Amino acid sequence: MLFWIVAALLTLAASLAVMLPLSVKNRQADIARDHDIEVYRDQLGELDKDAARGLIGPAEAEEARAEIGRRILKLAGTKDGGGADRPARLPRVVGAAAVLAVPIVGWGLYAELGSPLLPGQPLNARLQADPAENTMEELVARAEAHLSSNPEDGRGWDVLAPIYLRTGRSEDSAAAYRNAIRLLGGSADRLAGLGEALSYGAGGVVTAEAQDAFKQALAAQPDHPKSRFYLASGLAQEGKLQEAAAAWQALLGGLPADSPWRGPVQEAITEANRRSAAVQKPAGPVPTQEEMDAAASMTADDRTAMIEQMVSGLDAKLRENPKDVEGWMRLVRSYVVLGKADQAREALGRGLAALDSGSEDGKRLTSLAASLGLASTE
Amino acid sequence: MIVETGHFALVLALALALVQSLVPLVGARTNDARLMATGGPVAVAGFALTGIAFAALVMAYVQSDFSVANVWENSHSAKPMLYKVTGTWGNHEGSMLLWVLILTFFGALVAVFGGNLPATLRANVLSVQGWIGAAFLLFVLTTSNPFIRLEPAPFEGRDLNPILQDVGLAIHPPLLYLGYVGFSVCFSFAVAALIDGRIDAAWARWVRPWTLAAWMFLTGGIAMGSYWAYYELGWGGFWFWDPVENASFMPWLAGTALLHSAIVMEKRSALKIWTILLAILTFSLSLLGTFLVRSGVLTSVHAFATDPTRGVFILAILVLFIGGSLALFALRAGSLTAGGLFHPISREGALVLNNLFLTTAAATVLVGTLYPLLVEAVTGDKISVGAPFFNLTFGPLMLPLLLLIPFGPLLAWKRGDVYAVAQRLMAAFGGALLAVLATLLLADGASVFAALGVGIGVWMILGALTDLVQKSALGTVPLAVAARRLAGLPRSVHGTALAHLGMGVTVLGIVATLAFEAEHITIMKPGESTAIAGRTLRFEGVSPVQGPNFTETRASFVLLGAGGGKLGEVTSAKRVYTARQMPTTEAGILTLGFSQLYVSLGDPTQDGGIVVRIWWKPLVTLIWLGGLVMMVAAAVSLTDRRLRVGAPARRAKAASSPAGAKA
């Protein structure tokens, strides 16, 4: 509302600037010739002063005086410029149009360009506004502003870290968790939060770094459900579905009846079972129980030969059917376990080429490789 | 609300500019006093509204209101307050708003101080001023609107370009614009005279103070910009013949010519048509400069605006104003009466010679600046015309002009005597000769050219002083009388002498720096020392420093004299601005007398050393001090009572001034 009043006042002032001179009556145009004579009179005065000061000689002064005199005489010969009165209609029309033009152009253009309903938003006022009315983004900005001037406030970092994670800023979240851990000590929740943030940052893959964080969390609190859940997920991602399922099962057994983790854990177990059932049939190379038993009774050489045969079988399968991320992960891991780093690297390269390293699957493969200590050859 | 008020005020300013460009003009054509009288109040109101708009934008920057797109793009809440304010004009939109603000400011000045001008001249001038204002307001509102809003507003800005976060930049653009835009008044006067088909006697008297004021600001702006580039860019150069520098230098050269031809016109009613043409050309070069810098056709250190629609818009303004005014000139010049006659060897003759040299020099710079653009446009090749071209063309053109400067003020009007003047300059010539010999004998390895250069600088300084000595008759009359006469001289005489002296000081600084500069690039580790120009520089060590929005590695050095005494400390740094992750070099400068030691850091080496570039720049500060002296000279000259024009009605008794002048 205030804006409209101010805008109206400004328009009024601008219109008055046009209107007032037009409303003065009987204004007489002055004659340019008078101004010229005035200038020449000034010049004569200066000339006298210069001559008195001795800056120019008497002869030159006389000559200059004569020249200025000639200019004055010349003026006398000219006519007064355009004194004839024209019909007074044109000026009146132009004047009226000018007065009207100010509000019309002003409001018309502003309606096109302006955003009159948008209030100004000075940063300080926004940060000091009632927190209850703030959006999440504003709350985060307030916390950031606070922490940038008090970077040693561990509690602030602790509060901010999970918010970052929820809004998808996983890197900021991990940094905030690290600050909180540095300042307040590594509680199981903070360490697990760090692990979670790192996993989010890696596109959901529980990387070696994240696993470390979860393991530290478990050291602080052995029955910490989030850490146990994620570590099991890590196993599942590496293809150890049965181990993962077992870990989840153990977790489920220890959970109280009303724990919010029960649902996710049960889902995870179901999913793991479904996948291991799916994997066992088509992808033979995952050893069956009999094969494992057989391997246990073999000599070391035979066992190695058997494993190598299985691995090369998997390799061949992947050449025919390369869109299998689980398969590639297993293959790369196997080569690493067998100590064949070159082949592992080569398999990684092929896998990334087949899966497209930018895709979600590609990223999973890359982070697995990174956690195994294999640098991507790209 | 503040932001939108500013936006609305700017739109209203455009409406008023449109009124201003038509109504007084119609009034002047129909000889209607009331229509003509609207020009003044409208110009003042237009300035007030533009001022409100500018203040609103500054406020938005100060309050970090990121709902304004322009603030969000160019500011940051962690920036120091000073740079929040200066950030207002550190970007394209804001600087164009400043341009328009200064334009309307000059329009308001004409309205306020123009009460004693002939009414038709005043009305025409204000209308032309209105055309320029309307064109640029339209440009700002349609292509470079600083008041575009963002919803929802972001919470943090994207920071100002770190090289632009500097005190020099706080002052440089406003000064430069005051100069550029100040010439718009001369342009408006010229076009007004062409529209009227006559040149009033008051015309010449009025053009000179405006030219002086604009010239003063432009001189300051160029000197400031040069010093800024010198210490901020870390290359240790003071002039790069960069197109953006040339863009401000061309109007300066043309403006200097205009300043001198306006003297002839005022005193002798001669060179009228030429002065009008120069006034048009000077402002055209200012417009060209604005186009070059603002359209983004150049890629240089200054290029921070790129948008083709803007370029086309400014080009259209350029063509309209330059083409229109030149066409008008071609149409009307014939009907203007030519003025008084003079002998070739006279003050007028000397001023014509000065005009010839200066306009040729401006044309040379113009060719050197536009040729690469032309080649790029036609063939697509990117070539650069650098210092070698300008040294070969601009230098030889300036040399005779500089040599002749001391003669000009000593020559008489109409008919002069060169031999008499030469005789009076004998002392100055002797002094210059001594300077040449002293340079050859005392400075190690001084070339003949360097010595001659020093001689020219000294010649100009002494020549300027000779003028004052002659006019006060020092040496022929008692000292007290001479002092009284000196004080009683018209201020414009003092101004002339000071300006020429300032030019000499600048020349001396340039020659000394170019000829005797010592440069040394080496790798240093903490504790090591290196020799530079007979002095020793010791590297003390580096320390990390945390600034408000940057982190820097600061290296400290100690300069020791030839005898081992400590001359001073200097720190040089490499900075990283965190928001943009942009590194800058902060050169360390130690001023000793008029000379400076300049230390700039390069990259660190593997073994803990750091590349250090060291320059010893003798008398380098004289370059900018000379510019300062020229600014003071213009200010002194502006206070001359003779530059004010009396109005017919008020003229009844004007006998009060001589007594005042004596005091």
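The values are calculated or read from the model by the stated rules, or taken from the named source; none is laboratory data. Predicted model, so just to flag it, every value in this text is computed and none were measured. Virtual Cβ from ideal backbone geometry, glycine too; neighbours counted across all protein chains shown. Only protein heavy atoms, including side chains, enter the accessible area calculation; ligands, DNA and RNA are left aside. Shrake-Rupley method; radii C 1.70, N 1.55, O 1.52, S 1.80 Å.
A compact table of results
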quantity: Hey, A:Gly203 open to solvent by less than 40 Å² (accessible area, probe 1.4 Å) and touching an Asp or Glu at 6+ places or on another chain (Cβ under 7 Å) or not; calculated: yes
quantity: Unique match (being under 15 Å from A:Arg330 (Cα atoms) and modelled with pLDDT under 85) among A:Gly263, A:Gly239; calculated: A:Gly239
quantity: Yes/no for B:Trp210 being aromatic (Phe, Trp, Tyr) and in contact with a Cys (Cβ under 7 Å, 6 or more places away or on another chain); calculated: yes
quantity: Checking A:Gly108 against (1) at pLDDT below 85; (2) surrounded by fewer than 15 Cβ atoms within 10 Å (Cβ to Cβ); (3) within 30 Å of B:Thr143 (Cβ to Cβ), the condition it does not meet; calculated: (1)
quantity: Which listed residue, of B:Asp65, B:Asp32, is in contact with a Pro (Cβ under 8 Å, 6 or more places away or on another chain), of a type in the set (Asp, Glu), facing chain A (nearest Cβ under 7 Å) and open to solvent by 20 Å² or more (accessible area, probe 1.4 Å); calculated: B:Asp32
quantity: Failed item in (1) closer than 30 Å to A:Leu16 by Cβ; (2) of a type in the set (Asp, Glu); (3) out of contact with any Pro (no Cβ under 9 Å at 6 or more places or on another chain), with B:Glu73 passing the rest; calculated: (1)
quantity: Check on B:Leu358, open to solvent by less than 70 Å² (accessible area, probe 1.4 Å) and either within 30 Å of B:Leu410 (Cβ to Cβ) or among the hydrophobic types (A, V, I, L, M, F, W, C) (or both); calculated: yes
quantity: Pair list, Cβ < 6 Å and 6+ apart or interchain, from segment B:1-18 residues that are in contact (Cβ under 8 Å) with a residue 40 or more places away in the chain and facing chain A (nearest Cβ under 7 Å) to residues that are of a type in the set (Phe, Trp, Tyr) and open to solvent by 10 Å² or more (accessible area, probe 1.4 Å); calculated: B:Glu4/A:Phe3
quantity: In segment B:68-82, residue farthest from the other protein chains (Cβ to nearest Cβ) [restricted to those that are hydrophobic (A, V, I, L, M, F, W, C) and not in a strand (DSSP E or B)]; calculated: B:Leu82
quantity: Scope segment A:110-126; condition aliphatic (A, V, I, L, M) and more than 7 Å from chain B (Cβ to nearest Cβ); matching residues; calculated: A:Ala111, A:Leu117, A:Ala125
quantity: Output for segment B:52-62, where each listed residue is surrounded by fewer than 24 Cβ atoms within 10 Å (Cβ to Cβ) and within 12 Å of chain A (Cβ to nearest Cβ); calculated: B:Ile52, B:Met59, B:Val62
quantity: Residues that are more than 19 Å from B:Gly220 (Cβ to Cβ), part of a helix (DSSP H, G or I) and open to solvent by 20 Å² or more (accessible area, probe 1.4 Å), drawn from segment B:494-519; calculated: B:Leu508, B:Val511, B:Leu514, B:Ala515, B:Phe516
quantity: Condition broken by B:Tyr61, with the remaining ones in (1) assigned to a helix (DSSP H, G or I); (2) touching a residue at least 40 places away in the same chain (Cβ under 8 Å); (3) more than 24 Å from A:Gly95 (Cβ to Cβ) satisfied; calculated: (2)
quantity: Condition check for B:Val44: in a helix (DSSP H, G or I), open to solvent by 20 Å² or more (accessible area, probe 1.4 Å), out of contact with any Phe, Trp or Tyr (no Cβ under 7 Å at 6 or more places or on another chain) and facing chain A (nearest Cβ under 10 Å); calculated: yes
quantity: Among the candidates B:Ala487, B:Ala482, residue that is in a helix (DSSP H, G or I), more than 24 Å from B:Ala223 (Cα to Cα) and open to solvent by less than 40 Å² (accessible area, probe 1.4 Å); calculated: B:Ala482
quantity: Which numbered condition B:Val293 misses (of (1) of a type outside the set (Asp, Glu); (2) at pLDDT 85 or above; (3) buried (at least 20 other Cβ atoms within 10 Å of the Cβ); (4) under 19 Å from the mean Cα position of the chain (by Cα)); calculated: (2)
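Residues checked against (1) surrounded by 13 or more Cβ atoms within 10 Å (Cβ to Cβ); (2) at pLDDT below 70:
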position: A:Asp293; (1), (2): no, yes
position: A:Ala300; (1), (2): no, yes
position: A:Gln309; (1), (2): no, no
position: A:Pro322; (1), (2): yes, no
position: A:Asp361; (1), (2): yes, no
position: A:Ala370; (1), (2): yes, no
